[in-house]
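Everything on this sheet refers to the single structure shown next.
The values are calculated or read from the model by the stated rules, or taken from the named source; none is laboratory data. The model shown is predicted, which means the values in this text are computed figures rather than measured ones. As a convention, Cβ positions derive from the backbone with ideal geometry for all residues, glycine included, and neighbour counts pool all protein chains shown.
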Amino acid sequence: MAEVRGFRFAGVAAGIKSKGGLDVGIMSADRPSPAAAVFTRNRVAAAPVELSRAALVRNRGMAQAVVVNSGNANALTGPDGAADAQRMAEAGAAALDIRPDHVLVASTGVIGVPLPMAQVERGIHHASASLRPDGFDDFATAILTTDRAAKTAEREVGGARLIGCTKGAGMIAPNMATTLTFVATDASGTGTAPRALGRLLARACAHSFNAVTVDGDTSTNDMLLVMASRAGPAIDADAWPRRSTTCSTIWPAS
């Protein structure tokens, strides 16, 4: 995959997955960056969804990193699960030397089982030390569960670069298609202001992730995140729609 200016990535094996393989990933920007996300509309949302959704609202659409684990969804885990999601964010912040509320978290895998925090924290430490501009393929592999292969895409528009990865192989229904998806771009300009980024994401989601169904099930952990490092060329957002009635994003909150 092409490198994206202002970002580094890593994926490592921490022993969370029973079958082995990469299972902790980090996507990190060089500085706090505009971010927008879409989350599950399931009434039951996993602890990482609740934490990341609140962090983006609190920070008005700014973030610097996302820490992801696969093999365990940290869903239906009660107060302990919420505390573990916070520990993931704090561990990521300590490893990257950034603010804890600028670290988003995501998890995917088995539901109803506590996170093995010793492995998770060890993986975060290892991944932070492994970050590199060309590490996106490892990151894309670390988010997988039952997928047969990594799903990635890249594009260059006006000199600005975008790369993305996604996971999901079952429980696919409208309103997010049961997935974790992460997109990094180095675009700058008005098109990457947090609210503008949110409007673009809402429009894209309405015609993609919110238009897919396989088996009618909806997940507890869905998350589609876009971050813009603003380290590349400017992209004008004047022609973008000002609002979407088909999909809501965080940030903006509605």
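A quick yes/no check of all residues on (1) of a type in the set (Asp, Glu); (2) modelled with pLDDT under 95; (3) crowded, with 23+ Cβ neighbours inside 10 Å; (4) touching a helix residue (DSSP H, G or I) at 6+ places or on another chain (Cβ under 7 Å):
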{"position": "15", "(1), (2), (3), (4)": "no, no, no, yes"}
{"position": "21", "(1), (2), (3), (4)": "no, no, no, no"}
{"position": "30", "(1), (2), (3), (4)": "yes, no, no, no"}
{"position": "35", "(1), (2), (3), (4)": "no, no, yes, yes"}
{"position": "39", "(1), (2), (3), (4)": "no, yes, yes, yes"}
{"position": "43", "(1), (2), (3), (4)": "no, yes, no, no"}
{"position": "47", "(1), (2), (3), (4)": "no, no, yes, yes"}
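Might you let me know whether region 134-153 holds any residue that is farther than 24 Å from residue 77 by Cβ, aromatic (Phe, Trp, Tyr) and under 17 Å from the mean Cα position of the chain (by Cα)? Checked against the condition, which is being farther than 24 Å from residue 77 by Cβ, aromatic (Phe, Trp, Tyr) and under 17 Å from the mean Cα position of the chain (by Cα), region 134-153 yields at least one hit. Taking region 81-125 as the range and being at pLDDT 95 or above, under 17 Å from residue 18 (Cα atoms) and of a type in the set (Gly, Ala, Ser) as the test, the residues that pass are 107, 118, 123.
Quick check: is even one residue across region 65-79 under 18 Å from the mean Cα position of the chain (by Cα) and either without any contact (Cβ under 8 Å) to a residue 40 or more places away in the chain or surrounded by fewer than 23 Cβ atoms within 10 Å (Cβ to Cβ) (or both)? Checked against the condition, which is being under 18 Å from the mean Cα position of the chain (by Cα) and either without any contact (Cβ under 8 Å) to a residue 40 or more places away in the chain or surrounded by fewer than 23 Cβ atoms within 10 Å (Cβ to Cβ) (or both), region 65-79 yields at least one hit. What residue, of 53, 87, is touching a strand residue (DSSP E or B) at 6+ places or on another chain (Cβ under 8 Å) and either at positive phi or not aromatic (Phe, Trp, Tyr) (or both)? It is 53. Considering region 16-37, the residues that are part of a strand (DSSP E or B) and small (Gly, Ala, Ser) include one that is nearest to residue 120 (Cα to Cα), namely 25.
So, in region 142-171, how many residues would count as being part of a loop (DSSP other than H, G, I, E, B) and closer than 14 Å to residue 106 by Cα? So the count comes out to 4. Checking each residue in region 49-64 for being in contact (Cβ under 8 Å) with a residue 60 or more places away in the chain and buried (at least 22 other Cβ atoms within 10 Å of the Cβ) picks out 49, 52, 56, 61, 63. Candidates 55, 83: the one that is touching a helix residue (DSSP H, G or I) at 6+ places or on another chain (Cβ under 6 Å) and either in a helix (DSSP H, G or I) or closer than 26 Å to residue 169 by Cα (or both) is 55. Taking region 58-80 as the range and being among the charged types (D, E, K, R) and part of a helix (DSSP H, G or I) as the test, the residues that pass are 58, 80.
Condition check ((1) assigned to a helix (DSSP H, G or I); (2) among the acidic types (Asp, Glu); (3) surrounded by fewer than 20 Cβ atoms within 10 Å (Cβ to Cβ)) across all residues:
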residue: 91; (1), (2), (3): yes, no, no
residue: 104; (1), (2), (3): no, no, no
residue: 114; (1), (2), (3): no, no, yes
residue: 120; (1), (2), (3): yes, no, no
residue: 125; (1), (2), (3): yes, no, yes
residue: 134; (1), (2), (3): no, yes, yes
residue: 140; (1), (2), (3): yes, no, no
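Here residue 62 meets each of (1) under 14 Å from the mean Cα position of the chain (by Cα); (2) of a type outside the set (Val, Ile, Thr); (3) at pLDDT below 95 with one exception, condition (3). Among the numbered conditions (1) farther than 30 Å from residue 94 by Cβ; (2) of a type in the set (A, V, I, L, M, F, W, C); (3) in contact (Cβ under 8 Å) with a residue 40 or more places away in the chain, the only one that residue 149 does not meet is (3).
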